[in-house]
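Student: Sending over a structure as structure tokens; questions will come in a sec.
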Amino acid sequence: MSGGIQRKPSDMGPRIKPAAAKVADTFIKSSGTQSQLTVRIDTNVHRRFKIATTTADVSMAEIVEDAIRAWLRDHDV
């Protein structure tokens, strides 16, 4: 035994996962027909959008997907 203090792993604080594992943990498993899209938008726009979709009883995802489909249709893609 060395002269130092013996510590158990639980005494050393939380274990930090490698960055790759942290990123992988953020992905949600999809059903195979859907994919996740992450975008950054203005905070005020997001707040207004959330209020509007909640009031209309429709999901933000539905509106975004409809908007993307319309854009693709308009651009012959």
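The values are calculated or read from the model by the stated rules, or taken from the named source; none is laboratory data. Everything numeric in this text was worked out from a predicted model, so none of it was measured. Please note: Cβ atoms are built from the backbone with ideal geometry, for glycine as well, and neighbour counts cover all protein chains shown.
Student: Kindly indicate the residue of the stretch 49-65 that is within 20 Å of the chain's Cα centre (by Cα), of a type outside the set (Val, Ile, Thr) and part of a helix (DSSP H, G or I) and also surrounded by the most Cβ atoms within 10 Å (Cβ to Cβ) among those meeting that condition.
Tutor: Across the stretch 49-65, the extreme among qualifying residues is Phe49.
Student: Now a separate question. Where the second residue is of a type outside the set (Gly, Ala, Ser) and assigned to a loop (DSSP other than H, G, I, E, B) and the first is closer than 12 Å to Met60 by Cα and lies in the stretch 36-49, which pairs have Cβ atoms under 9 Å and are six or more apart or on separate chains?
Tutor: Phe49/Ile41
Student: Considering the stretch 33-48 alone, what residues qualify as being assigned to a loop (DSSP other than H, G, I, E, B) and farther than 14 Å from Val64 by Cα?
Tutor: Listed by number, the residues that qualify are Thr33, Asp42.
Student: A follow-up question, please. Pairs please, first residue from the stretch 58-70 and free of Cβ contacts under 8 Å to residues at least 24 places away in the same chain, second anywhere and charged (D, E, K, R), Cβ atoms under 9 Å, 6+ apart in sequence or on different chains.
Tutor: Going by the 9 Å Cβ cut-off, the qualifying pairs are Met60/Lys50.
Student: Of Asp25, Asp76, Asp66, Asp11, which residue is modelled with pLDDT of 90 or more and not aromatic (Phe, Trp, Tyr)? Explain how you work it out, then say what you get.
Tutor: Values: Asp25 fails: modelled with pLDDT of 90 or more; Asp76 fails: modelled with pLDDT of 90 or more; Asp11 fails: modelled with pLDDT of 90 or more.
Checking each option against the conditions leaves just Asp66.
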